[in-house]
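The next block holds one structure in the form of structure tokens; read it before the comments.
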Amino acid sequence: MTLIMYKVFETVDDVSRYTAQRLIEKIKATPSAVLGLATGSTMEPVYAKLLEHIQQTPMDLSQLTTFNLDEYMGLNPQHPQSYNYYMYQHLFNQLDIPVNHVHLPNGLASDIEAVCSAYSDAIQTLGGLDLQLLGIGSNGHIGFNEPKTCFNSRTHVVKLSEQTRIDNGRFFAEQSEMPTHAITMGIQDILEAKEIILVATGRNKTDIMAQLFNSEIDEDLPASALKQHKNLTIVLDREAATLLPAQALKSAI
Ligand code: F6R
């Protein structure tokens, strides 16, 4: 039996404080930790809390390494909707992590296959991810691993699903500007993280969290791969947890 720890909080603020605190604890315990990071609206308040904490209680981040999950293809790193830009805006510009310790897939690379395999290799060379932070798409994607992605996948190029293009198109001035493809860490890369924290908040995540709870491990629902993981915490606000049975909230599946 795999144990999934559910943590349900009343508000997004509480969710974000708890998640940031988990990151802080990891960095304190292992200053040379390798962190897997996510972007998206769920992570914005998490990173805000993390910064707030580090600004109040400075930490040495000189040994920390980060790998982001994904990046759109075809967007310049300075494009306001690129994940590179997001990470520098929300986190890296304010933190003293050495620039060569920060990794994001290069969505403009010409030899994409080489870039993808080098990305997964770089994670493994450093001994794997100590902690992977995840959001979840309304279709169950993790990173940009869309439904039907092989669970043994490594970093690869994906065609974004219609649902993801609708969900994320809201951030672009025109829906047509939303990229059709992205590079994402694979599900196998994610599963090899020693610890995983998946965060979901708001009404838009209520249905997928119920589906995830009820589903078998199935490639139609990428996040269900996480049910194989030995150290997974799912952090939810009350809204995202609305359809979860009381049994889930007692932590066992
Ligand atoms: C982003 C990522 C995605 C998001 C997911 C949820 O790096 O990996 O899987 O976590 O699309 O996005 P939000 O938080 O915007 O709902």
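All of Thr66, Thr42 fail the test of being under 29 Å from Cys116 (Cβ atoms), within 10 Å of the ligand (Cβ to nearest atom), crowded, with 16+ Cβ neighbours inside 10 Å and at pLDDT 95 or above, apart from Thr42. Which numbered condition in (1) within 13 Å of the ligand (Cβ to nearest atom); (2) of a type in the set (Asp, Glu); (3) not in a helix (DSSP H, G or I) is the only one that Asp60 fails? Here Asp60 clears every test but (1). The residue list Ala33, Ala29, Ala48, Ala38 contains one member that is of a type in the set (Gly, Ala, Ser) and free of Cβ contacts under 8 Å to residues at least 12 places away in the same chain, which is Ala29. Please determine whether any residue of region 95-113 is polar (S, T, N, Q), within 14 Å of the ligand (Cβ to nearest atom) and under 19 Å from the mean Cα position of the chain (by Cα). No: region 95-113 contains no residue that is polar (S, T, N, Q), within 14 Å of the ligand (Cβ to nearest atom) and under 19 Å from the mean Cα position of the chain (by Cα). On the stretch given as region 114-135, residues that are within 15 Å of the ligand (Cβ to nearest atom) and either open to solvent by 10 Å² or more (accessible area, probe 1.4 Å) or among the hydroxyl-bearing types (Ser, Thr, Tyr) (or both) total 2.
Test each condition in (1) at pLDDT 95 or above; (2) farther than 30 Å from Gln247 by Cβ for Ser110 and report the one that comes out false. It fails just one condition, (1). Of all residues in region 184-195, those that are touching a Gly at 6+ places or on another chain (Cβ under 6 Å) and more than 19 Å from Thr30 (Cβ to Cβ) total 2.
The values are calculated or read from the model by the stated rules, or taken from the named source; none is laboratory data. Small disclaimer: the values here were computed from a predicted structure and weren't measured. For neighbour counting, all protein chains shown are included, and Cβ atoms are generated from backbone atoms with ideal geometry for every residue, glycine included. Heavy atoms of the whole protein, side chains included, go into the accessibility calculation; ligands, DNA and RNA do not. Shrake-Rupley method; radii C 1.70, N 1.55, O 1.52, S 1.80 Å.
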